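Asker: Quick one: this structure, given as structure tokens, is what I'll be asking you about.
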Amino acid sequence: MRRSVMLILVSLLSVETLTCKNQAYLSVAKGPIHTLILTRHGDSLWNGKYPGCHETFTGWTDIDLSPIGEQEAIRTGQLLTKYTSGVNIDALFTSTLTRAKMTAHHCWWAYYDRLEDQYRQQKRYQYYNQPCEKLQQNSNQPYQAPAQFIIDHRLNERHYGSLQGLVKAETELGVHGHSPEDVYHWRRSWHAVPPKLMDDDPRRIEELRMYGNICGEDNVPKSESLAMVADNRIRPFVDERLTPILDRAASSTAGSLGEATGEGGTALIVAHANSLRALIGVICNVEQDPSGLALEKLESMKIPTASPLVIRYRKTAQRGCYVPVDGVLEKEPRNELPVYPLSSLPVLRQQPSHHTPADL
């Protein structure tokens, strides 16, 4: 009898693991549906849009926004105002790198400024510069600033190793001794690792000085693949920080956490092209997709600067496993990577199956 019970428990555990990997939503998904608004930082001086600048491998090099990037960040805040009516942003996350932090700052300032302008015109509030007294446009709920503003090194860009500081066009042409095929794989592949920084490299020494006290010297990488970013940084970030904060936000509005099965929390994440790709990969379980289509799409995905996207997800019965929400019945998703433009958010919250992915 005891042996039979043990066999049943092992079988149930195996089924749970299998269904998580195959994304059988209906049998394993639980808890509230969380919304992530993802935006890459604005144009930096190494992104190449600003006159006189060149697109350069940046990684953990701390580069400022360009004037174009500042305007892009402001535009993102204005888009938030336009498309998040009735949605409380419970937390804002960004990386330790200046280009992301300043994007978050400009974005949130513009978000508030545009809201205040709307409320002034509509005479919707009495006290200027007291955002908690305002009302969301077209909403009966009090407007709230993010409950938390969190800077986390785990959202830093993937480390490009010894490629950092090299102009991309020159590197792709073999000017610095790398084959074009290798450069392409280092940029796009989930598993490819660029050449590492040596311990005596001045760039390595400077990074240890800048980030050693923030994340520990052992956690300052010498080079990373997207898979390494996902496994070593993003998955712990989702497990330990992001999801618990959004669960608590959902719990505060739904009574008890165990009963919170509807709309969950909302987070704005201002980060980098590759850390955001890694985050999407973790949420969508791209490494467990038997068809390989999700990983193939993720490897080819290009995220423009300051162009906000939306992905919705929920936890599964298996600890540390998540599923993207896409479809009214929450069964297998119609799309391997259900990532949408921010403009889709109002409808996604009502009819998530009526959308096609953003053209990335």
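Asker: Given Lys49/Lys101; Lys49/Lys168; Lys168/Lys222; Lys168/Lys302; Lys168/Lys196; Lys49/Lys302, which pairs have Cα atoms separated by over 21 Å? Intermediate values should be presented prior to the final figure.
Answerer: Values: Lys49/Lys101 19 Å; Lys49/Lys168 13 Å; Lys168/Lys222 19 Å; Lys168/Lys302 15 Å; Lys168/Lys196 17 Å; Lys49/Lys302 16 Å.
Over 21 Å Cα-Cα: none of the listed pairs.
Asker: Still on this structure, I have one more. Arranged from highest to lowest average of other beta-carbon atoms within 10 Å per residue, in what order do the peptides 104-112, 296-304, 177-185, 78-86 appear? Working shown, then result.
Answerer: On the way: 104-112: 21.1, 296-304: 16.0, 177-185: 13.4, 78-86: 18.3.
Going by the mean number of other Cβ atoms within 10 Å, highest first, we get 104-112, 78-86, 296-304, 177-185.
Asker: At a probe radius of 1.4 Å, what is the per-residue accessible area of Val167, in Å² to the nearest 10?
Answerer: 30 Å²
The values are calculated or read from the model by the stated rules, or taken from the named source; none is laboratory data. In this text the structure is predicted, and so the values were computed from the model without any measurement. Neighbour counts run over all protein chains shown; Cβ positions are idealised from the backbone, glycine included. Only protein heavy atoms, including side chains, enter the accessible area calculation; ligands, DNA and RNA are left aside. Shrake-Rupley method; radii C 1.70, N 1.55, O 1.52, S 1.80 Å.
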